[in-house]
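Since every read-out is calculated from the coordinates, none of them should be taken as a lab result. No experiment lies behind these values; they were computed from the predicted model shown. Every residue, glycine among them, receives a Cβ derived from its backbone with ideal geometry; neighbour counts consider all protein chains shown.
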Amino acid sequence: MKLRVAMIGGGLDAFIGSVHRIAQNMDGQIELVAGALSINPEVAVASGKQLFLDESRVYTDYKVMLEKEAAMPADKRPDFITIVTPNFVHFEPAMMALDKGFNVVIEKPITFTLEQAKQLKEKVDATGLTLLLCHTYNGYPMVKQAKQLLKSGALGKIRKVYVEYPQGWLSTYLEGTGQAQASWRTDPKKSGKAGSMGDIGTHAFNLAEYVTGLEVTELCANVNIVVEGRMLDDDGAAFFKFSNGATGVMMATQIAAGEENNVKIRVYGEKGGLEWKHEDSNTLLVKWLDKPTEIYRTGAGYNSSFAAHNTRVPAGHPEGFLEAFANLYRNFALTVRAKKNGEQPKEEWLDFPGVNEGIRGMAFVENMVESGQSDVKWTKFVI
């Protein structure tokens, strides 16, 4: 049987909702059965109709949806809830969904505040349910290959990490035009303490910790508002100290005019380094101290089981954002189904970000803001 999902947010007027639905559908493992797809009742109803949902399972209030869907018979009740709303509407629906016995998929950052993220973890732990946090870049095969290479010790002790996420879409005062995405992402009442640091900085931070397997312990940050009139940061950078003594540099900006989403990470060890970038996501470069550079490619037989498990097409065919997103959903679905059947999920299935990554992401946001406002050179990374 397919896993059944109900969605909160993600109606026809939202970009990310369709991305989630494509990812859910890609492996034939998941079926959308209900939704409270917009705070606008007309959009909610129209969205449900266009998605061919049963009219009785199209809602205009997520609280009503969770109450009614929780009361559905076992063969109709959703297995999980996907939450694709602005940041300030993450915590309450996630907590309510868990209370009703639903597993949860949630967009990043996980909550509005670090304290909420901690409360959410307590709820996840208490219920024993599964939560997926959508850090998409974790789903790329060559990102997983990079992680496994570093974990194996092939490059020796990690010494240096560089990670960057340049965008240019907020190079102008776009929120002043009424553009919906820009409006809520730059509004502290809806986005939280940070703008670019919460939106894309969390991706860069998560990628650095995920690939290296290390944790940031100290940071020295500079967080800026560049565009006049903007209420939240649109640019920032930081020096990092990691748990093994390595150092790093992170840059995340939304005012790099002309840039799209070229996420990039470089990691250097004692014996060599590696490099992955979003613009050429099928390629991983491994640069050695004493021999020629190696080029790892998605779909090749020499890759790890983690990379192979998350590869969908033969070598030479491009795999991108939608496939990476679908990898997160597939691993989550395989894990949820295994737990339902009383089975132990495979290690490769469990390789997706969850509530712990969510807490560290929110701690990153709050530590970046605090460090950026401090005159102290280095501040401890506090959770």
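The table below lists the values:
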read-out: Proximal aspartates and glutamates to K380, defined as alpha-carbon separation beneath 15 angstrom and excluding residues fewer than eight positions away on the same chain; value: E215, E218, E366, E370
read-out: For the stretch 245-309 and the stretch 32-99, distance of Cα centres in Å; value: 38 Å
read-out: Selection of chymotrypsin sites (Phe, Trp or Tyr not before Pro), the stretch 263-331, meeting DSSP coil and at most 13 other Cβ within 10 Å; value: Y302
read-out: Nitroxide proxy distance, nm - points 7 Å out along Cα→Cβ at E343 and D54; value: 2.7 nm
read-out: Paramagnetic label zone (point 7 Å from Cα along Cα-to-C-beta, L322; backbone N under 11 Å) in the stretch 24-42; value: 24-26
read-out: Point-to-point label distance, D290-V376, nm (Cα→Cβ direction, 7 Å offset); value: 4.3 nm
read-out: Low-density loop positions, trypsin sites (Lys or Arg not before Pro), the stretch 343-383 - DSSP coil, at most 14 other Cβ in 10 Å; value: K346, K377
read-out: Lysine pairs within the stretch 159-281, Cα separation less than 29 Å, 8 or more sequence positions apart or different chains; value: 13
read-out: The stretch 129-175: proportion of alpha-carbon pairs further apart than 12 angstrom, %; value: 77 percent
read-out: Links that overshoot a 23 Å alpha carbon limit, given the list K100/K340; K123/K144; K100/K121; K2/K346; K151/K377; K157/K346; value: K123/K144; K151/K377; K157/K346
read-out: Size of charge dipole - the stretch 3-129 - debye, nearest 20, with Cβ of Lys, Arg +1 and Asp, Glu -1, no other charges; value: 100 debye
read-out: Kirkwood-based shape ratio for the stretch 334-383, expressed as Rg/Rh from alpha carbons; value: 1.30
read-out: The stretch 142-226: trypsin sites (Lys or Arg not before Pro) in DSSP coil with no more than 12 other Cβ atoms inside 10 Å; value: K157
read-out: Aspartates and glutamates with Cα under 15 Å of K287, excluding same-chain neighbours fewer than 8 positions away; value: E270, E275
read-out: Rel. contact order, % - alpha carbon contacts under 8 angstrom, at least six apart, the chain; value: 19 percent
read-out: Electrostatic dipole magnitude of the chain [Cβ: Lys, Arg +1; Asp, Glu -1; Cα centre; debye, to 20]; value: 960 debye
read-out: Positive-end residue, the chain charge dipole about Cα centroid, Cβ charges, pick of L133, Q179, L350; value: L350
read-out: Cα centroid separation - the stretch 162-197 against the stretch 135-149, whole Å; value: 26 Å
